[in-house]
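Notes to accompany the following structure.
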Amino acid sequence: MELTEATIIQALNLSQRAEWVVANNLANAETPGYQAQVLSFRQALAKAVSQGPDAVSAVQGTLSTLPGRVQANGNNVSVTQQMTFLAQDQLYYNTAVAAFNHWATGIKAVAEGKAL
């Protein structure tokens, strides 16, 4: 797999995982003792690009517990913070989709013998 393809695919996969983490946090917003989590991957993915497609494909991200104000029930989920994370992840995902579409259009043009 070439670098551009690997980067786009991994960006889409990790972004989807990050959105799942946010969805899980929101689903547990009222669960006593639940601690919100975050999946960090953008810096690791950017660094891996300089190391090639295998390094990019190996990036998994880091799941960690978010610090934050703990409520009386031991839960630290901030719905406002989670919605902000969701908006950021959606923008990142949409950018990766746009990059994929551009890449796929180029591949299709080459395959059909058309000029880019």
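The values are calculated or read from the model by the stated rules, or taken from the named source; none is laboratory data. What you are looking at is a predicted structure, and each value in this text was computed from that prediction instead of being measured. All Cβ positions, even for glycine, are placed from backbone atoms using ideal geometry, and neighbour counts span all protein chains on display.
Annotation: of all residues in segment 53-71 being surrounded by 14 or more Cβ atoms within 10 Å (Cβ to Cβ) and under 20 Å from ALA87 (Cβ atoms), the one that is modelled with the highest pLDDT is GLY61. Looking across segment 26-52, just one residue is β-branched (Val, Ile, Thr), farther than 18 Å from PHE85 by Cα and either at pLDDT below 95 or not in a helix (DSSP H, G or I) (or both), and that is THR31. How many of the residues making up segment 1-25 are in a helix (DSSP H, G or I), in contact with a helix residue (DSSP H, G or I) (Cβ under 8 Å, 6 or more places away or on another chain) and among the charged types (D, E, K, R)? Selection size over segment 1-25: 2.
Against the numbered list (1) closer than 26 Å to THR105 by Cα; (2) polar (S, T, N, Q); (3) crowded, with 16+ Cβ neighbours inside 10 Å; (4) more than 17 Å from the chain's Cα centre (by Cα), SER50 comes up short only at (3).
For SER64, the conditions (1) in a helix (DSSP H, G or I); (2) free of Cβ contacts under 8 Å to residues at least 40 places away in the same chain all hold with the exception of (1). Entry remark, segment 2-38: residues being small (Gly, Ala, Ser) and under 18 Å from GLY68 (Cα atoms) number 5 in total. Evaluate segment 72-82: report whether one residue or more is in a helix (DSSP H, G or I) and either within 15 Å of the chain's Cα centre (by Cα) or surrounded by 14 or more Cβ atoms within 10 Å (Cβ to Cβ) (or both). Among the residues of segment 72-82, at least one is in a helix (DSSP H, G or I) and either within 15 Å of the chain's Cα centre (by Cα) or surrounded by 14 or more Cβ atoms within 10 Å (Cβ to Cβ) (or both), which makes the answer yes. Hey, can you tell me all the residues within segment 10-41 that are touching a residue at least 12 places away in the same chain (Cβ under 8 Å), over 24 Å from THR95 (Cβ atoms) and surrounded by fewer than 16 Cβ atoms within 10 Å (Cβ to Cβ)? Across segment 10-41, the qualifying residues are ALA29, GLU30, THR31, PRO32, GLY33.
I'd like to check something: does segment 98-115 contain any residue that is surrounded by fewer than 11 Cβ atoms within 10 Å (Cβ to Cβ) and either under 30 Å from ASN28 (Cα atoms) or among the basic types (Lys, Arg) (or both)? Yes; the residues of segment 98-115 include at least one that is surrounded by fewer than 11 Cβ atoms within 10 Å (Cβ to Cβ) and either under 30 Å from ASN28 (Cα atoms) or among the basic types (Lys, Arg) (or both).
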